[in-house]
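Asker: Handing you this structure, nothing more for now.
The values are calculated or read from the model by the stated rules, or taken from the named source; none is laboratory data. Quick caveat, the model's predicted, so the values are computed rather than measured. Ligands, DNA and RNA are excluded from the accessible area calculation, which covers all protein heavy atoms including side chains. Shrake-Rupley method; radii C 1.70, N 1.55, O 1.52, S 1.80 Å.
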Amino acid sequence: MILSPLFGYLGDRYNRSWLIAIGLIIWAASTFMCSYAQTYWQLLVLRGIVGIGEASYAALAPPIIADLIPAAQRTFYLSFFFIGTPVGGALGYIIGGGISDAYGWRWAFRVSPPVVTFLAITTLFLVPNPERGGADNANNSVQLTQSQEIRAGTNPLVQLATETWTLLKTKSYLYTTLGFSCLAFTVGSLTQWIPVYVVYASEMAGTPLSNSEANYIFGILTCVAGFIAIPLGSVVSKFLERYTMKADALINAVGMLTTSITLYIAIAMAPYNIVAFWVFAMITQIAAFIGWAPNTAIILYTTPALMRSLAQAVNILFSHLLGDAISPTIQGELSDKIKEAFKDFDISISTAVALEYSFFLSCFVCVLGSVFYFFGC
(Lines give C-alpha, C1' and ligand atoms only; values in the text may rest on other atoms or scores of the structure.)
Protein backbone atom coordinates (compact mmCIF):
# COMPACT_ATOMS: atom_id res chain seq x y z
CA MET A 1 0.00 0.00 0.00
CA ILE A 2 2.63 2.53 1.10
CA LEU A 3 4.99 1.62 -1.72
CA SER A 4 2.35 1.97 -4.45
CA PRO A 5 3.23 5.63 -5.18
CA LEU A 6 6.92 4.67 -5.44
CA PHE A 7 6.18 2.00 -8.03
CA GLY A 8 3.83 4.43 -9.77
CA TYR A 9 6.56 7.08 -9.92
CA LEU A 10 9.11 4.57 -11.23
CA GLY A 11 6.60 3.07 -13.65
CA ASP A 12 6.07 6.43 -15.34
CA ARG A 13 9.81 6.66 -16.00
CA TYR A 14 11.33 3.18 -16.33
CA ASN A 15 10.60 -0.25 -17.82
CA ARG A 16 7.30 -1.39 -16.29
CA SER A 17 7.73 -5.05 -17.21
CA TRP A 18 10.95 -5.25 -15.20
CA LEU A 19 9.36 -3.47 -12.25
CA ILE A 20 6.41 -5.88 -12.26
CA ALA A 21 8.76 -8.88 -12.42
CA ILE A 22 10.83 -7.55 -9.50
CA GLY A 23 7.69 -7.00 -7.45
CA LEU A 24 6.43 -10.52 -8.19
CA ILE A 25 9.74 -12.09 -7.16
CA ILE A 26 9.59 -10.21 -3.85
CA TRP A 27 5.96 -11.33 -3.47
CA ALA A 28 6.83 -14.98 -4.09
CA ALA A 29 9.86 -14.97 -1.77
CA SER A 30 8.05 -13.30 1.14
CA THR A 31 5.01 -15.57 0.77
CA PHE A 32 7.24 -18.64 0.84
CA MET A 33 9.07 -17.31 3.92
CA CYS A 34 5.71 -16.93 5.68
CA SER A 35 5.57 -20.71 5.88
CA TYR A 36 8.62 -20.65 8.17
CA ALA A 37 7.43 -17.88 10.50
CA GLN A 38 7.81 -18.76 14.17
CA THR A 39 6.08 -15.78 15.75
CA TYR A 40 3.11 -13.56 15.02
CA TRP A 41 5.37 -10.58 14.35
CA GLN A 42 7.49 -12.47 11.86
CA LEU A 43 4.36 -13.47 9.98
CA LEU A 44 3.01 -9.91 10.14
CA VAL A 45 6.22 -8.40 8.71
CA LEU A 46 6.46 -10.97 5.94
CA ARG A 47 2.82 -10.48 4.98
CA GLY A 48 3.52 -6.75 4.83
CA ILE A 49 6.36 -7.37 2.37
CA VAL A 50 3.93 -9.33 0.19
CA GLY A 51 2.23 -5.97 -0.44
CA ILE A 52 5.28 -4.88 -2.44
CA GLY A 53 4.27 -7.37 -5.13
CA GLU A 54 0.76 -5.96 -5.28
CA ALA A 55 2.18 -2.44 -5.42
CA SER A 56 4.04 -3.39 -8.58
CA TYR A 57 1.55 -5.22 -10.79
CA ALA A 58 -1.62 -3.52 -9.54
CA ALA A 59 -0.19 -0.07 -10.27
CA LEU A 60 1.68 -0.84 -13.50
CA ALA A 61 -0.33 -3.47 -15.38
CA PRO A 62 -3.43 -1.32 -16.17
CA PRO A 63 -1.33 1.51 -17.70
CA ILE A 64 0.42 -1.06 -19.92
CA ILE A 65 -3.00 -2.22 -21.12
CA ALA A 66 -4.00 1.42 -21.69
CA ASP A 67 -0.90 2.01 -23.82
CA LEU A 68 -1.62 -1.07 -25.93
CA ILE A 69 -5.39 -0.75 -26.38
CA PRO A 70 -7.34 2.23 -27.81
CA ALA A 71 -9.72 3.97 -25.42
CA ALA A 72 -12.81 2.61 -27.19
CA GLN A 73 -11.81 -1.00 -26.37
CA ARG A 74 -9.94 -0.40 -23.12
CA THR A 75 -12.69 -1.25 -20.62
CA PHE A 76 -13.27 -4.60 -22.33
CA TYR A 77 -9.61 -5.62 -22.04
CA LEU A 78 -9.30 -4.27 -18.50
CA SER A 79 -12.18 -6.54 -17.49
CA PHE A 80 -10.05 -9.60 -18.27
CA PHE A 81 -7.31 -8.28 -16.01
CA PHE A 82 -9.66 -7.51 -13.12
CA ILE A 83 -11.37 -10.90 -13.20
CA GLY A 84 -8.24 -12.10 -11.43
CA THR A 85 -8.99 -10.12 -8.27
CA PRO A 86 -12.24 -11.75 -7.11
CA VAL A 87 -11.51 -15.09 -8.73
CA GLY A 88 -8.00 -15.26 -7.28
CA GLY A 89 -9.27 -14.23 -3.86
CA ALA A 90 -12.00 -16.85 -3.99
CA LEU A 91 -9.58 -19.57 -5.07
CA GLY A 92 -7.40 -18.54 -2.16
CA TYR A 93 -10.27 -19.35 0.18
CA ILE A 94 -10.94 -22.69 -1.48
CA ILE A 95 -7.46 -23.98 -2.34
CA GLY A 96 -5.68 -22.42 0.63
CA GLY A 97 -8.30 -23.70 3.04
CA GLY A 98 -8.20 -27.18 1.57
CA ILE A 99 -4.43 -27.42 1.68
CA SER A 100 -4.37 -26.03 5.21
CA ASP A 101 -6.89 -28.64 6.37
CA ALA A 102 -5.00 -31.46 4.67
CA TYR A 103 -1.34 -30.56 5.32
CA GLY A 104 -1.28 -27.69 7.79
CA TRP A 105 -1.31 -23.89 7.41
CA ARG A 106 2.39 -23.64 6.48
CA TRP A 107 1.84 -25.53 3.23
CA ALA A 108 -0.87 -23.07 2.24
CA PHE A 109 1.93 -20.50 1.83
CA ARG A 110 4.05 -22.81 -0.35
CA VAL A 111 1.64 -23.39 -3.23
CA SER A 112 1.54 -20.00 -4.96
CA PRO A 113 5.26 -18.92 -4.89
CA PRO A 114 6.36 -21.31 -7.71
CA VAL A 115 3.44 -20.13 -9.85
CA VAL A 116 4.21 -16.46 -9.18
CA THR A 117 7.92 -17.01 -9.91
CA PHE A 118 6.98 -18.54 -13.27
CA LEU A 119 4.75 -15.54 -14.01
CA ALA A 120 7.58 -13.15 -13.10
CA ILE A 121 9.89 -14.85 -15.61
CA THR A 122 7.26 -14.87 -18.36
CA THR A 123 6.55 -11.18 -17.67
CA LEU A 124 10.16 -10.34 -18.52
CA PHE A 125 9.99 -12.10 -21.89
CA LEU A 126 6.35 -11.77 -22.96
CA VAL A 127 4.96 -8.52 -21.54
CA PRO A 128 5.98 -5.46 -23.60
CA ASN A 129 6.72 -1.99 -22.27
CA PRO A 130 4.81 0.06 -24.87
CA GLU A 131 5.27 3.74 -25.57
CA ARG A 132 3.34 5.77 -23.01
CA GLY A 133 0.24 7.12 -24.69
CA GLY A 134 0.91 4.99 -27.77
CA ALA A 135 -2.73 3.95 -28.14
CA ASP A 136 -4.17 7.42 -27.47
CA ASN A 137 -5.44 9.94 -29.98
CA ALA A 138 -3.62 13.08 -31.05
CA ASN A 139 -5.23 15.18 -28.29
CA ASN A 140 -3.06 13.41 -25.75
CA SER A 141 0.01 15.27 -27.03
CA VAL A 142 -1.12 18.30 -25.04
CA GLN A 143 -1.30 16.20 -21.87
CA LEU A 144 2.15 14.77 -22.59
CA THR A 145 3.58 18.25 -22.89
CA GLN A 146 1.94 19.33 -19.63
CA SER A 147 3.32 16.28 -17.82
CA GLN A 148 6.82 16.97 -19.11
CA GLU A 149 6.57 20.57 -17.94
CA ILE A 150 5.62 19.43 -14.42
CA ARG A 151 8.72 17.23 -14.27
CA ALA A 152 11.16 19.75 -15.71
CA GLY A 153 13.84 21.05 -13.36
CA THR A 154 12.63 19.41 -10.13
CA ASN A 155 14.00 16.66 -7.90
CA PRO A 156 12.17 13.30 -7.58
CA LEU A 157 10.37 14.09 -4.32
CA VAL A 158 9.09 17.41 -5.66
CA GLN A 159 8.00 15.70 -8.88
CA LEU A 160 6.13 13.00 -6.93
CA ALA A 161 4.39 15.55 -4.71
CA THR A 162 3.56 17.87 -7.62
CA GLU A 163 2.15 15.11 -9.82
CA THR A 164 0.12 13.67 -6.94
CA TRP A 165 -1.36 17.10 -6.19
CA THR A 166 -2.13 17.57 -9.88
CA LEU A 167 -4.07 14.30 -9.88
CA LEU A 168 -6.02 15.10 -6.73
CA LYS A 169 -7.03 18.49 -8.15
CA THR A 170 -8.74 16.71 -11.03
CA LYS A 171 -12.42 16.43 -10.08
CA SER A 172 -13.20 13.19 -11.89
CA TYR A 173 -10.05 11.51 -10.56
CA LEU A 174 -10.66 12.61 -6.96
CA TYR A 175 -14.30 11.49 -6.84
CA THR A 176 -13.47 8.22 -8.59
CA THR A 177 -10.76 7.50 -6.04
CA LEU A 178 -13.07 8.31 -3.12
CA GLY A 179 -15.84 6.19 -4.63
CA PHE A 180 -13.53 3.21 -5.12
CA SER A 181 -12.25 3.63 -1.56
CA CYS A 182 -15.83 3.19 -0.36
CA LEU A 183 -16.13 0.06 -2.48
CA ALA A 184 -12.86 -1.30 -1.05
CA PHE A 185 -14.16 -0.55 2.45
CA THR A 186 -17.26 -2.66 1.79
CA VAL A 187 -15.45 -5.53 0.07
CA GLY A 188 -12.91 -5.67 2.90
CA SER A 189 -15.69 -5.94 5.47
CA LEU A 190 -17.57 -8.58 3.52
CA THR A 191 -14.48 -10.70 2.96
CA GLN A 192 -13.60 -10.69 6.64
CA TRP A 193 -16.98 -10.93 8.32
CA ILE A 194 -19.53 -12.56 5.98
CA PRO A 195 -18.27 -16.12 6.61
CA VAL A 196 -18.25 -15.46 10.37
CA TYR A 197 -21.75 -13.98 10.29
CA VAL A 198 -23.10 -16.87 8.23
CA VAL A 199 -21.95 -19.43 10.81
CA TYR A 200 -24.00 -17.78 13.56
CA ALA A 201 -26.93 -16.72 11.37
CA SER A 202 -27.28 -20.20 9.88
CA GLU A 203 -27.57 -21.62 13.37
CA MET A 204 -30.45 -19.22 14.05
CA ALA A 205 -32.05 -20.25 10.74
CA GLY A 206 -31.91 -23.91 11.73
CA THR A 207 -29.42 -24.91 9.01
CA PRO A 208 -26.05 -24.61 10.77
CA LEU A 209 -22.86 -24.31 8.73
CA SER A 210 -19.28 -24.84 9.88
CA ASN A 211 -16.53 -22.26 9.32
CA SER A 212 -15.03 -24.29 6.48
CA GLU A 213 -18.43 -24.73 4.80
CA ALA A 214 -19.19 -21.00 5.06
CA ASN A 215 -15.79 -20.08 3.63
CA TYR A 216 -16.13 -22.60 0.82
CA ILE A 217 -19.58 -21.41 -0.25
CA PHE A 218 -18.58 -17.76 0.00
CA GLY A 219 -15.46 -18.45 -2.06
CA ILE A 220 -17.43 -20.22 -4.79
CA LEU A 221 -19.99 -17.40 -4.98
CA THR A 222 -17.25 -14.77 -5.11
CA CYS A 223 -15.55 -16.63 -7.96
CA VAL A 224 -18.78 -16.95 -9.94
CA ALA A 225 -19.74 -13.32 -9.24
CA GLY A 226 -16.38 -12.14 -10.54
CA PHE A 227 -16.74 -14.13 -13.75
CA ILE A 228 -20.20 -12.67 -14.32
CA ALA A 229 -19.86 -9.09 -13.11
CA ILE A 230 -16.55 -7.86 -14.47
CA PRO A 231 -17.11 -8.79 -18.14
CA LEU A 232 -20.70 -7.60 -17.76
CA GLY A 233 -19.41 -4.21 -16.63
CA SER A 234 -17.46 -3.77 -19.87
CA VAL A 235 -20.47 -4.82 -21.98
CA VAL A 236 -22.78 -2.39 -20.18
CA SER A 237 -20.17 0.36 -20.50
CA LYS A 238 -19.92 -0.18 -24.26
CA PHE A 239 -23.70 -0.08 -24.60
CA LEU A 240 -24.17 3.09 -22.52
CA GLU A 241 -21.36 4.92 -24.34
CA ARG A 242 -23.78 5.29 -27.26
CA TYR A 243 -25.93 7.57 -25.12
CA THR A 244 -23.61 9.25 -22.62
CA MET A 245 -19.93 10.01 -22.06
CA LYS A 246 -20.45 9.39 -18.34
CA ALA A 247 -21.24 5.70 -18.73
CA ASP A 248 -18.38 4.38 -16.57
CA ALA A 249 -19.15 6.69 -13.64
CA LEU A 250 -22.85 5.86 -13.84
CA ILE A 251 -22.15 2.12 -13.81
CA ASN A 252 -20.17 2.52 -10.60
CA ALA A 253 -22.74 4.83 -9.02
CA VAL A 254 -25.67 2.52 -9.73
CA GLY A 255 -23.63 -0.56 -8.86
CA MET A 256 -22.72 0.76 -5.42
CA LEU A 257 -26.28 1.86 -4.71
CA THR A 258 -27.49 -1.60 -5.67
CA THR A 259 -24.80 -3.15 -3.48
CA SER A 260 -26.12 -1.22 -0.49
CA ILE A 261 -29.71 -2.37 -1.05
CA THR A 262 -28.98 -6.05 -1.74
CA LEU A 263 -26.48 -6.25 1.12
CA TYR A 264 -29.13 -4.94 3.51
CA ILE A 265 -31.61 -7.54 2.25
CA ALA A 266 -29.06 -10.37 2.44
CA ILE A 267 -28.03 -9.57 6.00
CA ALA A 268 -31.65 -9.24 7.14
CA MET A 269 -32.65 -12.56 5.51
CA ALA A 270 -29.79 -14.70 6.88
CA PRO A 271 -31.29 -15.59 10.31
CA TYR A 272 -34.52 -16.75 8.62
CA ASN A 273 -33.52 -18.31 5.30
CA ILE A 274 -29.87 -19.03 4.59
CA VAL A 275 -30.53 -19.91 0.94
CA ALA A 276 -32.13 -16.51 0.35
CA PHE A 277 -29.11 -14.96 2.04
CA TRP A 278 -26.71 -16.64 -0.40
CA VAL A 279 -28.82 -15.51 -3.37
CA PHE A 280 -28.74 -11.87 -2.31
CA ALA A 281 -25.10 -12.14 -1.28
CA MET A 282 -24.35 -13.27 -4.83
CA ILE A 283 -26.28 -10.31 -6.27
CA THR A 284 -24.43 -8.01 -3.87
CA GLN A 285 -21.05 -9.17 -5.13
CA ILE A 286 -22.09 -8.84 -8.76
CA ALA A 287 -23.22 -5.27 -8.11
CA ALA A 288 -19.95 -4.53 -6.29
CA PHE A 289 -17.68 -6.04 -8.96
CA ILE A 290 -19.45 -4.68 -12.03
CA GLY A 291 -17.72 -1.31 -11.85
CA TRP A 292 -14.10 -2.39 -11.33
CA ALA A 293 -12.99 -2.21 -14.96
CA PRO A 294 -14.98 1.01 -15.69
CA ASN A 295 -13.46 2.56 -12.54
CA THR A 296 -9.93 1.96 -13.80
CA ALA A 297 -10.91 3.13 -17.27
CA ILE A 298 -11.97 6.48 -15.77
CA ILE A 299 -8.58 6.84 -14.08
CA LEU A 300 -6.69 5.99 -17.25
CA TYR A 301 -8.56 8.29 -19.64
CA THR A 302 -8.71 11.28 -17.27
CA THR A 303 -4.99 11.39 -16.54
CA PRO A 304 -2.02 12.13 -18.84
CA ALA A 305 -0.19 9.11 -20.24
CA LEU A 306 3.03 10.07 -18.44
CA MET A 307 1.24 10.00 -15.07
CA ARG A 308 -0.97 6.93 -15.42
CA SER A 309 1.13 4.59 -13.32
CA LEU A 310 1.19 7.13 -10.50
CA ALA A 311 -2.54 7.77 -10.92
CA GLN A 312 -3.28 4.06 -10.56
CA ALA A 313 -0.88 3.81 -7.61
CA VAL A 314 -2.42 6.73 -5.71
CA ASN A 315 -5.86 5.22 -6.31
CA ILE A 316 -4.63 1.95 -4.81
CA LEU A 317 -3.07 3.77 -1.86
CA PHE A 318 -6.28 5.58 -0.93
CA SER A 319 -8.53 2.59 -1.59
CA HIS A 320 -6.52 0.57 0.92
CA LEU A 321 -5.85 3.41 3.36
CA LEU A 322 -9.50 4.47 3.51
CA GLY A 323 -10.96 1.10 2.55
CA ASP A 324 -10.08 -2.52 3.17
CA ALA A 325 -7.10 -1.79 5.45
CA ILE A 326 -9.39 -0.34 8.12
CA SER A 327 -12.91 -1.65 7.47
CA PRO A 328 -12.55 -5.13 9.05
CA THR A 329 -11.20 -3.59 12.26
CA ILE A 330 -13.81 -0.84 12.35
CA GLN A 331 -16.65 -3.30 11.80
CA GLY A 332 -15.21 -5.71 14.34
CA GLU A 333 -14.96 -2.97 16.99
CA LEU A 334 -18.47 -1.79 16.16
CA SER A 335 -19.80 -5.32 16.43
CA ASP A 336 -18.18 -5.77 19.84
CA LYS A 337 -19.78 -2.55 21.11
CA ILE A 338 -23.21 -3.61 19.85
CA LYS A 339 -22.75 -7.07 21.33
CA GLU A 340 -22.49 -5.57 24.81
CA ALA A 341 -26.13 -4.51 24.55
CA PHE A 342 -27.14 -8.16 23.95
CA LYS A 343 -24.90 -9.78 26.57
CA ASP A 344 -27.88 -11.43 28.27
CA PHE A 345 -28.74 -13.37 25.11
CA ASP A 346 -27.29 -16.66 23.87
CA ILE A 347 -23.78 -16.14 22.48
CA SER A 348 -24.79 -17.23 18.95
CA ILE A 349 -27.75 -14.86 18.88
CA SER A 350 -25.85 -11.91 20.33
CA THR A 351 -22.94 -12.39 17.92
CA ALA A 352 -25.22 -12.72 14.89
CA VAL A 353 -27.29 -9.68 15.82
CA ALA A 354 -24.20 -7.58 16.56
CA LEU A 355 -22.63 -8.47 13.22
CA GLU A 356 -25.94 -7.88 11.44
CA TYR A 357 -26.19 -4.33 12.77
CA SER A 358 -22.51 -3.63 12.10
CA PHE A 359 -22.98 -4.50 8.41
CA PHE A 360 -25.29 -1.52 8.09
CA LEU A 361 -22.16 0.64 8.24
CA SER A 362 -21.05 -0.93 4.94
CA CYS A 363 -24.51 -0.21 3.49
CA PHE A 364 -24.09 3.46 4.39
CA VAL A 365 -20.55 3.56 2.97
CA CYS A 366 -21.86 2.11 -0.32
CA VAL A 367 -24.42 4.91 -0.56
CA LEU A 368 -21.64 7.42 0.12
CA GLY A 369 -19.54 5.84 -2.63
CA SER A 370 -22.47 6.07 -5.03
CA VAL A 371 -22.74 9.79 -4.25
CA PHE A 372 -19.04 10.27 -5.00
CA TYR A 373 -19.40 8.60 -8.39
CA PHE A 374 -22.46 10.74 -9.21
CA PHE A 375 -20.42 13.84 -8.33
CA GLY A 376 -17.64 12.50 -10.56
CA CYS A 377 -20.03 12.52 -13.48
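Asker: Show which aspartates and glutamates lie in cross-link reach of residue 246 when reach means a straight Cα distance below 20 angstrom and same-chain residues fewer than eight apart are skipped.
Answerer: In chain and number order, the partners are 136.
Asker: The range 85-122 to the range 298-377: how many Å between their Cα centroids?
Answerer: Between the Cα centres of the range 85-122 and the range 298-377 lies a distance of 26 Å.
Asker: Top to bottom by accessible area (1.4 Å), largest first, where do 193, 278 land?
Answerer: Putting 193, 278 in descending order of accessible area: 193, 278.
Asker: Another one. Taking a ≥ b ≥ c as the square roots of the eigenvalues of the Cα gyration tensor of the range 271-351, is the shape rounded (a/c under 1.5), prolate (a/b larger than b/c) or oblate?
Answerer: It is oblate, given that a/c is not under 1.5 and a/b is not larger than b/c.
Asker: Moving on to the next point. Going down the table (169/238; 169/339; 171/238), which pairs top 31 Å between alpha carbons?
Answerer: The answer is 169/339.
Asker: Something else about it: Rounded to the nearest whole Å², what accessible area per residue is found for the chain with the 1.4 Å probe?
Answerer: Here the residues of the chain average 46 Å² of exposed surface.
Asker: Using a 1.4 Å probe and ignoring any ligands, DNA or RNA, find the accessible area of residue 196 and quote it in Å² to the nearest 10.
Answerer: Per-residue accessible area (residue 196): approximately 50 Å².
Asker: If you don't mind, there's one more thing I want to ask. Counting only protein heavy atoms, what percent of the accessible surface of the chain is carbon or sulfur at a 1.4 Å probe?
Answerer: About 70 percent, which is the carbon plus sulfur part of the accessible surface.
Asker: So, one more: With the Cα gyration tensor of the range 1-99 giving a ≥ b ≥ c as the square roots of its eigenvalues, does the rule (a/c under 1.5 for rounded; else a/b larger than b/c for prolate; else oblate) give rounded, prolate or oblate?
Answerer: oblate
Asker: Straight-line reach only, C-alpha to C-alpha below 20 angstrom: list the aspartates and glutamates that residue 343 could link to, leaving out same-chain residues fewer than 8 apart.
Answerer: Output for residue 343: 203, 333, 356.
Asker: What accessible area, in Å² to the nearest ten, does a 1.4 Å probe give for residue 204?
Answerer: 80
Asker: Further question: With all protein chains present and a 1.4 Å probe, how do 364, 289 order by accessible area, largest first?
Answerer: 364, 289
Asker: For the chain, take the longest principal axis of its alpha carbons; what is the angle in degrees between that and the long axis of helix 211-240, to the nearest 10 within 0 to 90?
Answerer: 40
Asker: Specify the inter-centroid distance of the range 8-28 and the range 208-254, based on alpha-carbon positions, in whole Å.
Answerer: Answer, in whole Å: 28.
Asker: A further question on this structure: Treating the angle as unsigned and between 0 and 90°, give the value, to the nearest 10°, between the Cα long axis of helix 347-376 and the longest Cα principal axis of the chain.
Answerer: Taking Cα atoms only, the helix is inclined about 20 degrees.
Asker: With angles folded into 0 to 90 degrees, how steeply does helix 308-319 sit against the dominant principal axis of the chain? Use alpha carbons for both and round to 10.
Answerer: The answer is roughly 20 degrees.
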